[in-house]
Amino acid sequence: MPLFLAEVSIGSNGATDLSPLFARVEDAVARAGGELIEVQVVRDLGLVYAIVEHRLADVVRGVLEAAEVAVRDVAEVRLVGPTLEEVKARKGGRANFLVEWDIPSGTSMEQYLSRKREKAPLYAQVPETSFLRTYVREDMMKCVCLYDAPDEDAVRRAREAVSTPVDRLSRLDKEPA
């Protein structure tokens, strides 16, 4: 079943407990026959990134909107790194930084994946940073990469080691499921 990245606005209402939002998302997706795989919170951007397993993007968007979730975008993604089963078993994992990269126009999925395989061993040059996983949009507009690192500088050094730019870098909240 396909995976979708749902970008959800949390606004600037100052809410510190996002558990009700997560519960609404999980319930809405489950009622539609899908599964919430993981949630990452980027509070400084006012966004939640939810990875949902379901058959159709329109259904994901529709059930979230019906549950009064402020959906900015829903796009099909491909998981790069661990298997989906591994991500599910770890309930997402220990990511503390999220990098968005706007993929250059004209780059194919095959080119992206080939480059990723070629460059991935270079992460060893920055041992304090662990690349965890990437969700790359099937439309090749961008990818969302998750890291475990001591600070932003370490993430930037890791991205430099693999010769990949950073368009947006955010610290993640510890709150997500």
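Of all residues in the stretch 55-85 being among the charged types (D, E, K, R) and within 15 Å of the chain's Cα centre (by Cα), which is surrounded by the fewest Cβ atoms within 10 Å (Cβ to Cβ)? First the steps, then the outcome.
As a first pass, look at the stretch 55-85 and keep what is among the charged types (D, E, K, R): 55, 58, 61, 65, 68, 72-73, 76, 78, 85.
Now narrow it down to the ones that are within 15 Å of the chain's Cα centre (by Cα): 72-73, 76, 78.
Values: R72: 11, D73: 15, E76: 16, R78: 15.
Once the filter is applied, the top-ranked residue is R72.
May I ask you to verify whether D173 is within 28 Å of L18 (Cβ to Cβ) and without any contact (Cβ under 8 Å) to a residue 60 or more places away in the chain?
On the way: within 28 Å of L18 (Cβ to Cβ): yes; without any contact (Cβ under 8 Å) to a residue 60 or more places away in the chain: no.
In short, no.
Just to check your reading of the model, which residue among I10, I51 is over 24 Å from E85 (Cα atoms) and either in contact (Cβ under 8 Å) with a residue 60 or more places away in the chain or buried (at least 18 other Cβ atoms within 10 Å of the Cβ) (or both)? Don't jump to the end; show me each part of the working.
Details: I51 fails: over 24 Å from E85 (Cα atoms).
Being over 24 Å from E85 (Cα atoms) and either in contact (Cβ under 8 Å) with a residue 60 or more places away in the chain or buried (at least 18 other Cβ atoms within 10 Å of the Cβ) (or both) holds for just one of I10, I51, which is I10.
Which residue is nearest to F4 (Cα to Cα), if the candidates are limited to the stretch 38-83 and must be out of contact with any strand residue (DSSP E or B) (no Cβ under 7 Å at 6 or more places or on another chain) and hydrophobic (A, V, I, L, M, F, W, C)? Let's see the steps before the verdict.
Applying the first criterion (out of contact with any strand residue (DSSP E or B) (no Cβ under 7 Å at 6 or more places or on another chain)) to the stretch 38-83 yields 43, 55-56, 58-59, 62-63, 66-68, 83.
Among the residues that remain, those that are also hydrophobic (A, V, I, L, M, F, W, C) are: 56, 59, 63, 66-67.
Values: L56: 9, V59: 11, V63: 13, A66: 17, A67: 17 Å.
Restricting to residues being out of contact with any strand residue (DSSP E or B) (no Cβ under 7 Å at 6 or more places or on another chain) and hydrophobic (A, V, I, L, M, F, W, C), the top hit is L56.
Can you say whether F4 is under 16 Å from the mean Cα position of the chain (by Cα), assigned to a helix (DSSP H, G or I) and buried (at least 16 other Cβ atoms within 10 Å of the Cβ), as far as the supplied structure shows? Quick ask: steps written out before the conclusion?
On the way: under 16 Å from the mean Cα position of the chain (by Cα): yes; assigned to a helix (DSSP H, G or I): no; buried (at least 16 other Cβ atoms within 10 Å of the Cβ): yes.
Here the answer is no, as F4 does not meet what is asked.
Step by step: first the residues of the stretch 75-118, then only those that are among the small types (G, A, S) and in contact with a Phe, Trp or Tyr (Cβ under 8 Å, 6 or more places away or on another chain), then the one that is modelled with the highest pLDDT. Which residue is that?
Taking the stretch 75-118 as the starting set, the residues that turn out to be among the small types (G, A, S) are 75, 81, 89, 92-93, 95, 105-106, 108, 114.
Those left that are additionally in contact with a Phe, Trp or Tyr (Cβ under 8 Å, 6 or more places away or on another chain): 75, 81, 95.
Numbers: A75: 98, G81: 94, A95: 93.
Here the residue is A75.
Going by the structure shown, is R133 in contact with a helix residue (DSSP H, G or I) (Cβ under 9 Å, 6 or more places away or on another chain), modelled with pLDDT of 95 or more, among the basic types (K, R) and over 20 Å from V48 (Cβ atoms)? Please lay out each step first, then the result.
On the way: in contact with a helix residue (DSSP H, G or I) (Cβ under 9 Å, 6 or more places away or on another chain): yes; modelled with pLDDT of 95 or more: yes; among the basic types (K, R): yes; over 20 Å from V48 (Cβ atoms): no.
Considered against the rule, which asks whether it is in contact with a helix residue (DSSP H, G or I) (Cβ under 9 Å, 6 or more places away or on another chain), modelled with pLDDT of 95 or more, among the basic types (K, R) and over 20 Å from V48 (Cβ atoms), R133 comes out as no.
Identify all residues within the stretch 20-54 that are assigned to a loop (DSSP other than H, G, I, E, B) and over 18 Å from the mean Cα position of the chain (by Cα); write none if there are none. Quick ask: steps written out before the conclusion?
Of the stretch 20-54, the ones assigned to a loop (DSSP other than H, G, I, E, B) are 32-34, 46, 54.
Matches in the stretch 20-54: A32, G33.
The values are calculated or read from the model by the stated rules, or taken from the named source; none is laboratory data. Here the structure is a predicted model, which is why all the values come from computation and not from measurement. Counting neighbours? That spans all protein chains shown, and the Cβs are built from the backbone with ideal geometry, glycine included.
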